1. Starting from the Kirkwood Rh over alpha-carbon pairs, what translational D in µm² s⁻¹ does segment 25-82 have by Stokes-Einstein at 4 °C and 1.567 mPa s?
2. Using only the Cα atoms of segment 145-308, build the gyration tensor, take square roots of its eigenvalues as a ≥ b ≥ c, and label the shape rounded, prolate or oblate: rounded if a/c is under 1.5, else prolate if a/b is larger than b/c, else oblate.
3. Name the residue farthest towards the positive end of the dipole of the chain from the options L48, L190, L225, assuming +1 on Cβ of Lys and Arg, -1 on Cβ of Asp and Glu, about the Cα centre.
4. Using only Cα atoms and rounding to the nearest 10 degrees, what angle (0 to 90) does helix 67-79 make with the longest principal axis of the chain?
5. Please compare each pair in K99/K327; K25/K327; K30/K50; K122/K304 to a cut-off of 24 Å on the Cα-Cα distance and tell me which ones are over it.
6. Please compute the Cα-Cα pair-distance distribution of segment 247-331 with 10 Å bins starting at 0, giving whole percents from short to long.
7. By how many degrees, between 0 and 90 and to the nearest 10, does the Cα long axis of helix 96-105 differ from the longest principal axis of the chain?
8. Want the number for N285 to D302: 0.36 nm per residue separation, take away the alpha-carbon distance, what's left?
Amino acid sequence: MNILLIGDITGNLDEGMKNTTFNLKRVLEKHHEVMVMHPRQAIRLETLKKIRSFKPAIIHYVHGPTFRSFVVTKLLSILNVDALAVMSVPKPTIGSITKFFLPILKPNSFLLQSKRNANLFKASAFSVYYFSPGVNLEKFHPVSVSRRKILRTKYGVPAKKFIILHVGHISKQRNLNVLSNIQRLHSDILQVLIVGALTIKPDKHILRKLIDSGCTVWIKYFENLEEIYQLADCYLFPGMYESSAVEIPLSILEAMACNLPVITDRFGGLPDLFHEGDGLYFAVNEDDMCRVLVNICQSRQDVKTRKKVENFSWENAASRLVKLYEKQLCK
């Protein structure tokens, strides 16, 4: 099967959708012909000729949905009439202009990450499916206590403090004030560690507030990001705004693959995929997050978050995706 993925895999893979495109390509090309095209290059004349020669059976826009993504997908569908047009919807936020043109620009199917807002897409597409991203279980895995100590020494992280980790963009949408408040209240027993991506410049006001509160903030790309998860004691995702991240944040899957306790709100598609328990906590507000956190710090927890993501390898994700492709092609 010839599969065209419209997505970005350039530069550092420090952003969720880049990681998704890269890993889908990596796994799919083991059994299929895969072409990846950057969204900005997809409708250039030279590129259109390459795509036409490739003869894709699937045109999958991974970085949707935006008005541009709908226009690009529609154009490619017109020029490749035998191809199935698929659009991922990691963030189900659509502007009013896009909504107006949706009946005209709609692809053959949408891949949603949660059941929220599904009716909007069901009303405008031929098919709506639910598809969750994967996680690299070989790369992201638990380590021994001794290995954790070695990693803390390597990265200059306090050996005896409880390390709370957050990985992602430093922006207003992420509700990172929760982390600065936690650091101020419990600086004697814990250290908040935040790894910010280089892809999007950090909000200077938020960054200053985090640093002033005592949080450790690293704005850099880590080739071995798994080591940062492995030196931590807990992962906290305070993103309580709908647009703050993709509906199934890869950082949460990576933290769970390392068997960390994870505290989050009932964000996006997480409640659709996972039941609370075994180290996964769905908090209702900031006070609840603090309560859970203190409880984890003070008592030994039976954590089995890795077990929850054992079926979410990229190989399994790609296999599920191919079955969705084939199901639609057979219609």
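1. Working: Rh = 12.0 Å.
Translational diffusion coefficient: 108 µm²/s.
2. Details: a/c = 1.24, a/b = 1.02, b/c = 1.21.
Rounded, because the longest to shortest axis ratio a/c is under 1.5.
3. Value computed over the given set: L48.
4. Compared with the principal axis, the helix lies near 30 degrees.
5. Working: K99/K327 27 Å; K25/K327 20 Å; K30/K50 21 Å; K122/K304 35 Å.
Beyond 24 Å between Cα atoms: K99/K327; K122/K304.
6. It works out to 16, 42, 25, 12, 5, 1, in whole percents.
7. The angle comes out near 40 degrees.
8. Working: separation 17, 0.36 × 17 = 6.12 nm, distance 2.32 nm.
Contour length minus Cα-Cα distance gives 3.8 nm.
We did not get these values from a lab; they are worked out from the coordinates using the rules stated. Since the model is a prediction, treat every value here as computed from it, not as a measurement. Every residue, glycine among them, receives a Cβ derived from its backbone with ideal geometry; neighbour counts consider all protein chains shown.
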